[in-house]
Amino acid sequence: TDSSTIRAALAWISANVPDGQGSRLYFETGRTYIYDRTAEIDYINNLVIDLNGATLMRADASVTTARLATDTSVSSNTIVLDAVPDSWYVNDTVTAFVGSGDQDTSRSPMRITAIDPNTNTVTLAAGFGPFGNTTQTIPAGSWVGKSFQCFLGRPSTEEGGKLRPGINYNVQIINGSVDGNSANQLNNSWRFAMEIYINGRSSGIRGVRFANTTGECIVGHGLRVESCEFRNLSGSAFHTSRHDDTDAVGSASWFINNYVESVCLAGNQANGHSEGAVTFSWGAGR
């Protein structure tokens, strides 16, 4: 898939390019890449991701979402599905939800630790925990979908949907489009879908057009967001939020010369972070 190709390119850079040397990842001009899995920037620094006029489009929820086959305890780390989507892999993160809104969505997305395709059984790092009107049981027929990003910065050992410590130095994403394909998604919660999540220092996003996001758009801190366009977003354009551990090593954020039109369309009840064009959240200083 397009996601496999992008992930493989980033993994090659991580394994082969010395940190001080720097690298540039080019996309094919005019091509639309469909992403159904997170492209992890990992520990890479000094990286330019040049979309080069390409469009990255979120895959339809029909290929990233499944339904529970049985009633499932909120504390169970094993779920049985009607079918395991081909796009699911060990180490992907999934979220349970019973409706499209934030209160209908699990507070704690969980990482997949094992998949048994013969029994459609998926093992998670821990149970989803209670949410919405669910107290002990998530009913059969509820959705479980992948929580994935177009690009994700430095990884963490934390689970449960917590904010990620660590920063990426001098990572730039430039010159293209990101389409959240909101018409073909099932959930608007900020916990479920964000397009870019990076905590950085001297990192930035420039000349990128964002449209039709189902949840969050850009989340993180230590970013210079400049000369971008944001249109028809379910949530905020830029949600400044960072793990406490990044305060000493990260940098300030800038939001400069951007065009913003029609954001927070899902509303705060559905999205949970639909406060404005820019949302200031946990650790949003500087």
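The values are calculated or read from the model by the stated rules, or taken from the named source; none is laboratory data. These figures come from a predicted structure and were not determined experimentally. Every residue, glycine as well, gets a Cβ built from its backbone with ideal geometry; the counts of neighbours run over all protein chains shown. We work out accessible area using only protein heavy atoms, side chains counted, and drop any ligands, DNA or RNA first. Shrake-Rupley method; radii C 1.70, N 1.55, O 1.52, S 1.80 Å.
Here are the numbers:
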quantity: Condition met for Ile49 (under 22 Å from the mean Cα position of the chain (by Cα), assigned to a loop (DSSP other than H, G, I, E, B), among the hydrophobic types (A, V, I, L, M, F, W, C) and within 24 Å of Ala193 (Cα to Cα)); calculated: no
quantity: Set Ser3, Ser14, Ser106: member being within 25 Å of Ile167 (Cβ to Cβ) and open to solvent by less than 40 Å² (accessible area, probe 1.4 Å); calculated: Ser3
quantity: Hits in segment 54-98 (condition: in a loop (DSSP other than H, G, I, E, B) and either at positive phi or hydrophobic (A, V, I, L, M, F, W, C) (or both)); calculated: Ala54, Ala59, Ala69, Val74, Ala83, Val84, Trp88, Val90, Asn91, Val98
quantity: Residue list for segment 85-98, restricted to those being open to solvent by 10 Å² or more (accessible area, probe 1.4 Å) and closer than 23 Å to Ser234 by Cα; calculated: Thr93, Val98
quantity: Restricting segment 34-53 to residues that are of a type outside the set (S, T, N, Q) and at positive phi, the residue that is surrounded by the fewest Cβ atoms within 10 Å (Cβ to Cβ); calculated: Gly53
quantity: Matching option when the condition is in contact (Cβ under 8 Å) with a residue 60 or more places away in the chain and closer than 15 Å to Leu152 by Cα, among Thr55, Thr38; calculated: Thr38
quantity: Qualifying residues in segment 99-125 (those that are touching a Lys or Arg at 6+ places or on another chain (Cβ under 9 Å) and assigned to a loop (DSSP other than H, G, I, E, B)) - the one farthest from Cys150 (Cα to Cα); calculated: Ala125
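Per-residue answers, yes or no, for (1) open to solvent by less than 10 Å² (accessible area, probe 1.4 Å); (2) under 23 Å from Ile34 (Cα atoms); (3) not charged (D, E, K, R):
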position: Asn181; (1), (2), (3): no, yes, yes
position: Glu216; (1), (2), (3): yes, yes, no
position: Ala237; (1), (2), (3): yes, yes, yes
position: Ser253; (1), (2), (3): no, no, yes
